[in-house]
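Every read-out reported here was derived from the displayed coordinates using simple, explicitly stated rules and does not represent laboratory data. Remember, it's a predicted structure, so these values are computed and weren't measured experimentally. Positions of Cβ are generated from backbone atoms using ideal geometry, with glycine treated the same way; all protein chains shown enter the neighbour counts.
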Amino acid sequence: MAVGFVVHEVAADVVARVERAMPALPSSVDLEVERLWQVARQRVAAGGAGRLFNGRVFSADAITPDLITGHLTEFRRIVAQMERPELFAELGVRPLAVCGVLRCANGVVVGRRHPAAIYQAGMWQLPPAGSVDAGAVGEDGVVHLRRQLLSELQEELGLSPDVVDDPRPLCIVEHPGSHVSDFGLAFVTKLSAEAVLAAHRASGNTEYQEVLIVSEDRVAAFLARTGEELVPPAREFLIRAGLANRSLDSSR
């Protein structure tokens, strides 16, 4: 695993739950959050990567194998912490994102993020992926992580949830700077590479500049070629899903 990244083990039946309200911020911190948010919004819009929306997303306060507890926070706080990681001392947000390792009949799906994306711009990752938003939270406070992943599947790749099997949890990888915590889940579709790519072209969004299918016998070569252009959690998820060997992880 890359230096500084933290891997959290999770059980197959791990539960995530909202257990407190979003805390208030000192006025000086809130002003800085707003300043950074507006700068980021302008940059993303100018780069053609869409428009940032200050929705509510799940932030983990504690992560254990069986239970993840946290609260819903403003997306602008997360963006501010991405821009200035030292704000973690004041903001304390640890945004949880779902990341799929999607295997089709011909290999595994990979995508290159938009060059103007707010986070990890231009890097390769494993779609579908996205923040866990308020829509994944039930009335009882339980966060439906698989439902969020399937929503991202439809939005990013244009694939219906009924063409994949039940996602299997792998682990959570926490970024040392942004504290974004990627929850990896592996799942399979019987669709061909051609069908997956056609669905993306027809109904997927523009989050990825490029989407490819890497055959399983070429995963090692893909890891070697992309190197530091691949987000570190993706490498760990591929290993956990049985698609790469630990010996290939040169960052250890």
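Brief remarks on what is shown
- Considering only beta bridges that DSSP places wholly inside the chain, some 70 percent are antiparallel.
- If R0 is taken as 22 Å, the Cβ-Cβ distance between T64 and R168 corresponds to a FRET efficiency of 0.70.
- Shown here are the Rg and Dmax of the Cα trace of the chain, at 17.5, 54 Å.
- Ellipticity estimate at 222 nm from DSSP helix runs (n ≥ 4, -39,500 (n - 2.57)) divided over the chain, nearest 500: -8000 deg cm²/dmol
- Distance between the pseudo-spin-label points of E194 and A224 (7 Å out from Cα toward the beta carbon): 3.0 nm.
- The per residue volume of the convex hull around the alpha-carbon atoms of region 178-252 is 131 Å³.
- Gaussian network model of the chain, Cα within-10 Å springs - most flexible of G138, G177, G107: G138
- Theoretical gain in end-to-end length, V3 to E155 [0.36 nm per residue, Cα-Cα removed]: 51.5 nm
- Counting charges near A21 (Lys, Arg +1; Asp, Glu -1) among other residues having Cβ under 13 Å from its Cβ returns a value of -1.
- Packing-based ranking, highest mean first, of 179-189, 9-19, 62-72, 151-161 given that Cβ atoms within 10 Å are counted: 179-189, 151-161, 62-72, 9-19
- Contact order normalised by residue count of the chain, Cα under 8 Å, 6+ apart, percent: 24 percent
- Sum of side-chain charges, A195 neighbourhood, beta-carbon under 15 Å (Lys, Arg +1; Asp, Glu -1): +1
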